[in-house]
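Bear in mind that the values in this text are calculations on the coordinates, not laboratory data. Because the structure is a prediction, the values reported are computed rather than measured. FYI the Cβ positions are ideal-geometry reconstructions off the backbone, even for glycines, and counts take in every protein chain you see.
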Amino acid sequence: MSRNRLPAGHLLRRFTLGSGPLKRGSDRLEFVARVLLVCSLLTAVPISLAVGTAAHTHAAAQATAQAADRHRVTATLVADVPATAYSSSERERATAVWTGPAGIDQRVSVSVPAGAKAGDTVSLWVDQDGNRTTRPLSDGDVTGQAVGQGAVTFALLSL
């Protein structure tokens, strides 16, 4: 046996802080704490994976429902947006109009680049009733929610 390798029994004694008449009660308590720490970390992994899987399933169902309920419409700007002297990348608020499902013109305030002209179009998300809403969840959003919830669960269980 090489001098650099420790036998398994020696490693076990080092993990358990040795044995013999000099082992104190606090040493035994420290050993129990180490075992409980290892057990809690080992059980945190499958629990976190289960939470991440459940979160992914829920978010995927939510994304499917949103994709069925929401669609894009093209709205037209009503007036010119003045260009600012600060930067061409700034965004300004402007009024845009689109025709809703009932044939009635809908007006809404949208964020557009400074200097946009009347007649320019912007894309908006609306629901089945014609109310403005956010875009449906994407695959990246679903995965991000699942990974985030799994990671938070692991971190909390590890603490």
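A simple rule links phi to the HN-Hα coupling: the Karplus curve 6.51 cos²θ - 1.76 cosθ + 1.60 with θ = phi - 60°, which for segment 52-60 gives x, 5, 5, 5, 5, 4, 5, 5, 5 Hz, with x for Gly and Pro. For segment 58-159, the list of chymotrypsin sites (Phe, Trp or Tyr not before Pro) that fall in a loop by DSSP and count at most 10 other C-beta atoms within 10 angstrom reads Y86. Largest first, the extents of the alpha carbon coordinates of segment 33-155 on the three principal axes equal 70, 41, 16 Å. Other residues within the sphere of radius under 15 Å centred on the Cβ of W125, judged by their own Cβ, net out at 0 (K and R +1, D and E -1).
The H on the amide N of T133, modeled in the peptide plane, is under 5 Å from the matching H of W125, V126, D127, each at least 5 residues off or on a different chain. For segment 125-133, putting each phi into the Karplus relation 6.51 cos²θ - 1.76 cosθ + 1.60 with θ = phi - 60° gives couplings of 9, 10, 8, 4, 7, x, 7, 5, 8 Hz, in residue order, rounded to whole numbers and with x for Gly and Pro. Stokes-Einstein, applied to the Kirkwood radius of segment 92-132 over Cα pairs at a viscosity of 0.890 mPa s and 25 °C, places its translational diffusion at 221 µm² s⁻¹.
Taking Lys and Arg as +1 and Asp and Glu as -1, the other residues whose beta-carbon sits under 10 Å from that of A114 total -1.
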